[in-house]
1. The conditions are (1) surrounded by fewer than 19 Cβ atoms within 10 Å (Cβ to Cβ); (2) touching a Ser or Thr at 6+ places or on another chain (Cβ under 6 Å); (3) in contact (Cβ under 8 Å) with a residue 60 or more places away in the chain, and Met179 fails exactly one of them. Which is it?
2. Taking the stated definitions as given, is Asn316 under 26 Å from Asn115 (Cα atoms) and either of a type in the set (A, V, I, L, M, F, W, C) or under 25 Å from the mean Cα position of the chain (by Cα) (or both)?
3. From the list Thr314, Thr332, which residue is closer than 24 Å to Gly186 by Cβ and at pLDDT below 90?
4. Restricting to segment 27-49, give me the number of residues that are modelled with pLDDT under 95 and of a type in the set (A, V, I, L, M, F, W, C).
5. Residue under question is Ser73, and the condition is that it be buried (at least 22 other Cβ atoms within 10 Å of the Cβ) and modelled with pLDDT under 95; does it hold?
6. Taking the condition surrounded by 18 or more Cβ atoms within 10 Å (Cβ to Cβ), among the small types (Gly, Ala, Ser), modelled with pLDDT of 95 or more and closer than 23 Å to Ile242 by Cα, does Ala133 pass?
7. Please count how many residues of segment 100-111 are in contact (Cβ under 8 Å) with a residue 12 or more places away in the chain and either touching a His at 6+ places or on another chain (Cβ under 8 Å) or among the charged types (D, E, K, R) (or both).
8. Looking at Thr148, Thr120, which one is more than 26 Å from Met252 (Cβ to Cβ) and touching a Pro at 6+ places or on another chain (Cβ under 7 Å)?
Amino acid sequence: MSTITDGVLVALTKLKTLELAEDKKSVLVGPGLQWGDVYRYLLPHNVFVVGGRITNIGVPGFLLGGGISYLGSRWGFGMDNVEEFEVVLADSSVVRANKRSHLDLFWALKGGSSNFGIVTSFRLTAHPITGKAWIGKFAYSTATDPDTGKRNHMETVLDKLQAFVDKNDDTSGVLPLFMYVPQHGGPIGDISVIKLDVEGKMEMGAGSIQGEYGPTPDMIHVPKLFKDMTEEIPPMMGAWNISHPYQLTLAMNPDAPDGFRQSFRVHAAKATRESLELITHIFYNRIPELLEKLPAEEILQTLGQTSVIIQPITKNMLKQGEKRGGYIITVTWFDPKYDEIMNEWSDLTSELTYEALGKKGLSHPFIYMNDAHGNQDAFAGYGQREMKRLKKIREQYDPKRLWKKGLVGGYKIPE
């Protein structure tokens with residue numbers, strides 16, 4: 001767990017425990033696993049866990065940083081589904097933190113990152129499922145219409161997304177991406193939708209969609225969100241299938257390819273129609289400035305997927321309080337010589353967006369740790385009472401600050 005010269009690397013890659021309890025109500029998971037490993041193991045057992053949205057995300061960072069998944073409206077954050085942590089503490093002792101033992105540490109590890117110890121196993125709640133879900137993914141143009149000056153389909157998409165958040169459906173999930181992808185002609189929208197088969201009535205099926213309004217004749221059990229969008233938006237391309245929820249994580253893997261340089265900025269905003277419009281408007285208006293900074297002949301070879309991703313955080317996820325939504329500004333590129341340009345553009349775009357939201361009373365201080373940039377304070381939105389409690393627990397379990405001084409990287413609880 002060190003990235004410094006002459007440091008000690010503690011690799012957890014061989015800690016790959018996977019044990020489903022006899023009653024199938026929980027599963028023991030090692031920190032050396034990725035979520036694809038966990039999903040594949042659970043496939044034949046008709047249970048599911050709250051994990052990453054692509055298969056190659058590591059288990060420990062996702063859970064210790066919060067954990068937003070497609071099915072958060074049904075089961076909450078990933079951290080809400082941890083029943084027990086096995087932890088090596090700074091004094092080398094090993095404890096099990098759960099609701100019956102070390103309750104304070106159990107609370108702190110849920111969003112406390114790597115400030116309290118090395119977690120050597122997680123016991124997660126295993127949720128019974130029918131083994132089937134409706135999964136759909138489609139792309140459409142968000143280019144500006146020369147006649148109206150407006151972006152194609154944006155009004156419809158934002159209206160439908162807001163309706164989805166307001167409905168607070170705990171059987172469905174959605175991940176909308178508003179992108180600029182030069183390899184595909186520029187501005188593109190991409191929507192992923194999942195709906196669990198909670199009644200066991202869905203029949204297996206699959207198909208593709210392209211340039212057609214509305215569900216195709218073979219498209220069965222179509223979720224309302226997907227149906228409403230495709231009735232008014234002709235997809236450039238898309239596909240759907242009824243299969244195991246794991247299949248959506250496989251479908252998302254191409255959106256996070258290996259070999260790219262990538263940078264994230266994340267903030268939270270009140271989940272209103274006005275917020276959605278403001279976030280996407282600023283993002284697309286900032287793209288020309290980025291393109292001007294890159295040599296025209298190198299844009300296709302250099303710039304990957306640049307996007308703003310909307311993450312609805314509903315009442316069901318929070319279990320209390322008002323609806324909020326997270327948004328992520330992400331850029332991908334190939335050549336390290338453009339690192340400074342890409343990071344400066346991301347920083348300014350993030351600042352302008354958050355500032356504009358703040359002026360309208362739509363911003364929120366929460367920063368989702370797992371998507372935060374290194375220059376963002378992931379603990380800033382935790383609240384004074386929570387931070388005071390975290391510091392007290394750290395004083396109890398790591399009074400000499402081993403994890404702060406000796407573990408490079410990650411988000412550290414301030415003094």
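The values are calculated or read from the model by the stated rules, or taken from the named source; none is laboratory data. On a predicted model such as this, the values are computed, not experimentally measured, just so you know. Cβ placement follows ideal geometry from the backbone for every residue including glycine, while neighbour counts extend to all protein chains displayed.
1. Of (1) surrounded by fewer than 19 Cβ atoms within 10 Å (Cβ to Cβ); (2) touching a Ser or Thr at 6+ places or on another chain (Cβ under 6 Å); (3) in contact (Cβ under 8 Å) with a residue 60 or more places away in the chain, only one is false for Met179: (1).
2. no
3. Exactly one residue qualifies, and that residue is Thr332.
4. Of the residues in segment 27-49, 1 are modelled with pLDDT under 95 and of a type in the set (A, V, I, L, M, F, W, C).
5. yes
6. When the stated conditions are applied, Ala133 does not pass them.
7. 2
8. The unique qualifying residue is Thr120.
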